[in-house]
Amino acid sequence: MIRSSIKYSILCGLFLVALFWVSMRFGSNPLLDIRHFLFDLVIYFLFIYFAQREFKTYQNDGFLHFWQGMSIAFIVYLPAAVIFTVGMLLIMQMDPSMMENYRLGALAFLESKKDVLLEGISQEEYAQRVKEIDAITISDLVISSGLKKILAGFFITPVVSIILRKKPKQS
């Protein structure tokens, strides 16, 4: 169970790193766009699905208990998130312009929502949010992104485990 899960975990982590790099290179900022979180759910679904299906089909005679599915998924998404986090850190360290692009994108997003935000918060709170964006570090972004990846895996895990579970018939 662990060997096949680790294989899919490494592939998933590398795929997430590559997707992050490609997205940043082509002008889409995965750190600001909610659609990337939804895409993470799809990616995790696929990698967890194939890891569970491989275990179910080739190692467990066509059966998969819910707890086995949850265990496999955990072994897939947690190391994948760590691989992504390390990869993201290396990419951000090698290309400091990505940090500046993030800041500019975050400030532009905040400015575009200024009227709506000012209905719910004061001008001072808005100014504080601008200062927080200016003060954000690479470490802050990497930790935040890693936690979002873990959260995406956490959400999708029970779904895949329920879809693929199959218990042996009780006699």
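Laboratory data are not the source of any read-out in this text; all were calculated from the coordinates shown. Predicted model only: the values in this text are computed from it and were never measured. Glycine gets a Cβ as well: all are built from the backbone with ideal geometry, and neighbour counts include every protein chain shown.
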Between the Cα axis of helix 138-164 and the main Cα principal axis of the chain, the angle (0 to 90°, nearest 10) is 30
Here the net charge surrounding Val17, from other residues whose Cβ is less than 13 Å away from its Cβ (Lys, Arg +1; Asp, Glu -1), is +1
In the chain, taking the dipole from +1 charges on Lys and Arg beta carbons and -1 charges on Asp and Glu beta carbons about the Cα centre, the listed residue (Val76, Gln52, Leu117) farthest towards the positive end is Gln52
Once both label points are put 7 Å beyond Cα along the C-beta direction, the His65-Lys169 separation in nm becomes 2.0
Ranked from fewest to most other Cβ atoms within 10 Å of their own Cβ, Arg35, Arg129 fall in the order Arg35, Arg129
Length-normalised contact order of region 39-171, Cα under 8 Å, at least 6 apart, in percent, tallies to 52
So for the chain, using the alpha carbon gyration tensor with a ≥ b ≥ c as root eigenvalues (a/c under 1.5 gives rounded; past that, a/b versus b/c decides prolate or oblate), I'd call it prolate
Lys and Arg at +1, Asp and Glu at -1: neighbours of Met92 with Cβ under 14 Å from its Cβ sum to -1
Sorted on mean Cβ neighbours within 10 Å (highest first), peptides 68-74, 150-156 come out as 68-74, 150-156
Surpassing 25 Å at the alpha-carbon level, of the pairs Lys56/Lys169; Lys114/Lys149; Lys7/Lys169, are Lys114/Lys149; Lys7/Lys169
